[in-house]
Amino acid sequence: MRIIDRARAPLKPFKPNTVLTLLLGTLFGLTFGFGLAFFVNFLDDSIKSQDDIETYLKLDFLGYVPNIRTNSIVERDLQAHLHPQSNSSEGFRTIRAAISLAHREESLGCVALTSTIPSEGKSLVACNLAIVTAQTGLRTLLIDADLRRPSIHKAFQLQSPVGLTQYLLGTINSVDEAIHDTEVPNLDLLCSGTVPTNPSELVGSDKMREFIQEVKSKYDRVILDCPPVSAVSDPLVVASL
């Protein structure tokens, strides 16, 4: 028996190879992270940009309104009146111009606004769009057509028990009995009134059709604030009228 090569104690461990393990771990970690991020982004079908609106919804992009940083519902919904020089007010004027350019003048007599789900800002847009429309000198009527969760009366600080519901029920005979003047020149307001037990039936009634025709004959612009379209069918009925 002869010793061919005498063994020497290693100065560092053979396994694990720390540098190689870190490199492979970083590589696979980044690959998995990017793959997961792209997968989650693929599953997200929400609308986030102008391109999404034009590409997926095939609709015209009307405008962009910067975030209004206030907790006051009065200052938020009356932004175009209280702060006419703000960026948000300019955004509403852009929307007004885009609507006017995208549609024929005769089709703008009555406009209904809705949203997908609650708390997306439809009442905010309805109020400020009505304000910037009235600022052009057109006689404008803003109607709170949300007979389930009305909110426009809070912005204008009105507590009116008489409104659209009472007219549709026949409690009052004239629309003028429920219309209120506002601090905004050329802008009138019709509150929703009390919350009825059958809002869908009232909105789809012949009385509602007659009401829309009547206010269109009295005002240059009529703007209706409707409930969310994914929650109830009221906006679809109003749109057909």
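Values in this text are rule-based calculations from the coordinates and carry no lab data. From a predicted model like this one, the values you see are computed outputs, not experimental measurements. Backbone-built Cβ (ideal geometry, glycine too); neighbour counts: all protein chains shown.
Return the distance in nm (one decimal) between the two label points of a simple spin-label model at ARG6 and SER230, each offset 7 Å from Cα along Cα→Cβ.
A separation of 8.0 nm, rounded to one decimal place.
How big is the C-alpha Rg of the chain next to the rule-of-thumb value 2.2 N^0.38 Å, as a ratio?
Values: Rg = 29.5 Å, N = 241, 2.2 N^0.38 = 17.7 Å.
Output field value: 1.67.
Note the angle between two axes, namely the Cα long axis of helix 87-102 and the longest principal axis of the Cα atoms of the chain, as a number of degrees from 0 to 90, rounded to the nearest 10.
Between the helix axis and the principal axis of the chain, the angle is about 70 degrees.
Which of TYR167, TYR219, TYR56 ends up with the largest GNM mean-square fluctuation for the chain, with Cα atoms connected below 10 Å?
TYR56
Within 10 Å of each candidate Cβ there may be at most 13 other Cβ atoms; applying that plus a DSSP loop requirement, which GluC sites (Glu not before Pro) in the range 172-220 survive? Each step should come with its number before you reach the end.
Numbers: sites: GLU177, GLU183, GLU201, GLU210, GLU214; in loops: GLU183.
Counting only loop positions with at most 13 other Cβ atoms within 10 Å, the GluC sites (Glu not before Pro) in the range 172-220 are GLU183.
Please determine, in degrees from 0 to 90 and to the nearest 10, the orientation of helix 18-43 with respect to the longest principal axis defined by the Cα atoms of the chain, where the helix direction is its Cα long axis.
20
Find the Cα radius of gyration of the range 63-199, compare it with 2.2 N^0.38 Å by division, and give the number to two decimals.
Details: Rg = 15.0 Å, N = 137, 2.2 N^0.38 = 14.3 Å.
Ratio of Cα Rg to 2.2 N^0.38 Å: 1.05.
Between helix 206-218 and the chain, what is the angle of the helix's C-alpha long axis to the longest principal axis, kept within 0 to 90° and rounded to the nearest 10?
Taking Cα atoms only, the helix is inclined about 80 degrees.
Run the numbers for ASP176 and THR116: contour at 0.36 nm per residue of separation, minus the present Cα-Cα distance, in nm. Write out the running numbers ahead of the final one.
Details: separation 60, 0.36 × 60 = 21.60 nm, distance 3.17 nm.
Here the segment from ASP176 to THR116 would lengthen by 18.4 nm.
I need the calculated FRET efficiency for the pair LEU158 and LEU57, taking r as the beta carbon distance and R₀ as 45 Å, to the nearest 0.05. Present the calculation step by step, with values, prior to reporting the outcome.
Numbers: r = 35 Å, r/R0 = 0.78.
Step by step, r from the Cβ atoms, then E = 0.80.
Could you give each residue of the range 139-151 its phi-based ³J(HN,Hα) in whole Hz, using Karplus coefficients 6.51, -1.76, 1.60 with θ = phi - 60°, and x for Gly or Pro?
So the Karplus estimates, Gly and Pro as x, are 6, 10, 10, 9, 10, 8, 8, 8, 7, 10, 9, x, 9 Hz.
Give me the one-decimal nm value for the distance between modelled label points at SER205 and TYR64, 7 Å along each residue's Cα-to-Cβ direction.
4.5
Compute the length gained on full extension between SER217 and ASN17: take 0.36 nm times their separation in residues and subtract their Cα-Cα distance, giving the result in nm to one decimal. List each step's numbers first, then the result.
Working: separation 200, 0.36 × 200 = 72.00 nm, distance 8.39 nm.
Length gained between SER217 and ASN17: 63.6 nm.
With a cap of 15 neighbouring Cβ atoms within 10 Å, and only residues DSSP puts in a loop, list the trypsin sites (Lys or Arg not before Pro) found in the range 177-216. Working shown, then result.
Values: sites: LYS207, ARG209, LYS216; in loops: none.
Counting only loop positions with at most 15 other Cβ atoms within 10 Å, none of the trypsin sites (Lys or Arg not before Pro) in the range 177-216 qualifies.
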